[in-house]
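The values are calculated or read from the model by the stated rules, or taken from the named source; none is laboratory data. Remember, it's a predicted structure, so these values are computed and weren't measured experimentally. Positions of Cβ are generated from backbone atoms using ideal geometry, with glycine treated the same way; all protein chains shown enter the neighbour counts. Each accessible area value is taken on the protein alone, full model and side chains, heavy atoms only, with ligands, DNA and RNA left out. Shrake-Rupley method; radii C 1.70, N 1.55, O 1.52, S 1.80 Å.
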Amino acid sequence: LFRSMISGCRHEESDRQAAGQSVPIVFLVASSAAATCERLAAEFERETGNRVAISSGPSNALASQILRGVPGELFLSASREWSDVVEQGGMAAESVPLLSNRLVLVVPQGNPAGVSAVPDLLKTEVRRVATATENAPAGRYAEQALAAAGVDVALAEKKKIVRGGDARMTLGFVARAEADAGIVYSTDAIGEPKVEVVAHLDDSTYEPIVYPLLLLKRGQHSEAASRFYEFLQSARAAVLFRQAGFALLSEPL
């Protein structure tokens, strides 16, 4: 499978190697998965000598960059919506649903506003509630959960919502106590000691959180990118993803 996938795609790399160049694989990654992917990229480089440059941000912004022709070989989106946009734009060679995640309600250390569940966000002690921007997957999932709990309209009317550009920025608001609570991915909360998880949101209140991995058409012409695409689906990668709190959606290669 691997050999057939990369057959005939080595000329560009061979030319670069002949010229003494080392061009990194560009991997566009949803911010919530960036830290784990940095570790995987480092492991791949140690094993193969192929460098990987991580470009992280909200999935919607990364998808827009790909459609505008920004160079990149792989894309890991935090939602099907933005991977579909890239595929429908004719920019993907292959894709696989790789990971899943969950939403949690977090508060600053000590929980000064006394939040223990989503309805508590309407308490007068809660002045600001952090979510990601509505265009980012984390923000859309949070909006769905707030609507299902029946608190979205009241929070908007009281102007309590503050928005981060992506999941990591949203977590930062809570970690710095600039918000009294926030809705973020469980994987982000695991790695931040300055926040406390007070509730795991019912996953029936928001659409399934799926991270599709795409080998972009530019990547299909690179043996190194194709190898990295497979490496991210390997059992070794699965160990790191699970340690970070992600669930795997397919059996490792």
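Which ones in segment 140-157 are open to solvent by less than 40 Å² (accessible area, probe 1.4 Å), of a type in the set (A, V, I, L, M) and in a helix (DSSP H, G or I)?
Correct list: 142, 145, 146, 154, 155.
Going by the conditions given, is residue 232 at pLDDT 95 or above and open to solvent by less than 10 Å² (accessible area, probe 1.4 Å)?
Working: at pLDDT 95 or above: yes; open to solvent by less than 10 Å² (accessible area, probe 1.4 Å): yes.
In short, yes.
Of the residues that make up segment 162-170, is at least one open to solvent by 10 Å² or more (accessible area, probe 1.4 Å), part of a loop (DSSP other than H, G, I, E, B) and out of contact with any Leu (no Cβ under 6 Å at 6 or more places or on another chain)? Reasoning before the result, please.
Taking segment 162-170 first, the residues open to solvent by 10 Å² or more (accessible area, probe 1.4 Å) are 162-163, 165-166, 168-169.
Filter again for part of a loop (DSSP other than H, G, I, E, B), leaving 165-166.
Applying the additional criterion that residues be out of contact with any Leu (no Cβ under 6 Å at 6 or more places or on another chain) yields 165-166.
Looking through segment 162-170, at least one residue is open to solvent by 10 Å² or more (accessible area, probe 1.4 Å), part of a loop (DSSP other than H, G, I, E, B) and out of contact with any Leu (no Cβ under 6 Å at 6 or more places or on another chain).
Is it fair to say residue 104 is under 27 Å from residue 62 (Cα atoms), in a strand (DSSP E or B) and more than 18 Å from the chain's Cα centre (by Cα)? Before you say what the answer is, go through the steps one by one.
Numbers: under 27 Å from residue 62 (Cα atoms): yes; in a strand (DSSP E or B): yes; more than 18 Å from the chain's Cα centre (by Cα): no.
Taking the combined requirement at face value, the residue does not satisfy it.
Conditions (1) under 13 Å from residue 132 (Cα atoms); (2) touching a strand residue (DSSP E or B) at 6+ places or on another chain (Cβ under 6 Å), marked per residue:
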position	(1), (2)
147	no, no
155	no, yes
168	yes, no
182	yes, yes
191	no, no
222	no, no
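Could you tell me which numbered condition residue 205 fails, if it satisfies all but one of (1) touching a residue at least 60 places away in the same chain (Cβ under 8 Å); (2) among the hydroxyl-bearing types (Ser, Thr, Tyr); (3) buried (at least 18 other Cβ atoms within 10 Å of the Cβ)?
Only one criterion in (1) touching a residue at least 60 places away in the same chain (Cβ under 8 Å); (2) among the hydroxyl-bearing types (Ser, Thr, Tyr); (3) buried (at least 18 other Cβ atoms within 10 Å of the Cβ) is unmet by residue 205, namely (3).
Look through segment 211-229, keep the residues that are small (Gly, Ala, Ser) and in a helix (DSSP H, G or I), and return whichever of them is surrounded by the most Cβ atoms within 10 Å (Cβ to Cβ). Even if it seems obvious, please write down each step before you answer.
Residues of segment 211-229 that are small (Gly, Ala, Ser), as a first pass: 219, 222, 224-226.
When the remaining residues are screened for being in a helix (DSSP H, G or I), the result is 219, 224-226.
Working: 219: 24, 224: 21, 225: 26, 226: 24.
Among those that are small (Gly, Ala, Ser) and in a helix (DSSP H, G or I), it is 225.
So, of the residues in segment 23-42 that are open to solvent by 20 Å² or more (accessible area, probe 1.4 Å) and among the hydrophobic types (A, V, I, L, M, F, W, C), which turns out to be modelled with the lowest pLDDT?
Keep residues of segment 23-42 that are open to solvent by 20 Å² or more (accessible area, probe 1.4 Å), which gives 23-24, 26, 35, 38-39, 42.
Then keep just the ones that are among the hydrophobic types (A, V, I, L, M, F, W, C); that gives 23, 26, 35, 42.
Working: 23: 89, 26: 98, 35: 94, 42: 97.
Within segment 23-42, the match that is modelled with the lowest pLDDT is 23.
Residues in segment 76-91 that are open to solvent by less than 10 Å² (accessible area, probe 1.4 Å) and in a helix (DSSP H, G or I): how many? Spell out how you get there, then give the answer.
In the first step, residues of segment 76-91 are kept if they are open to solvent by less than 10 Å² (accessible area, probe 1.4 Å); the result is 76-79, 83, 86.
Checking the rest, the ones that are also in a helix (DSSP H, G or I) come to 83, 86.
Qualifying residue count for the region: 2.
Of the residues 138, 92, which is more than 13 Å from the chain's Cα centre (by Cα) and small (Gly, Ala, Ser)? Reasoning before the result, please.
On the way: 138 fails: more than 13 Å from the chain's Cα centre (by Cα).
Unique residue meeting the criteria: 92.
Could you identify the single residue in 73, 94 that is closer than 18 Å to residue 26 by Cα and open to solvent by less than 60 Å² (accessible area, probe 1.4 Å)?
73
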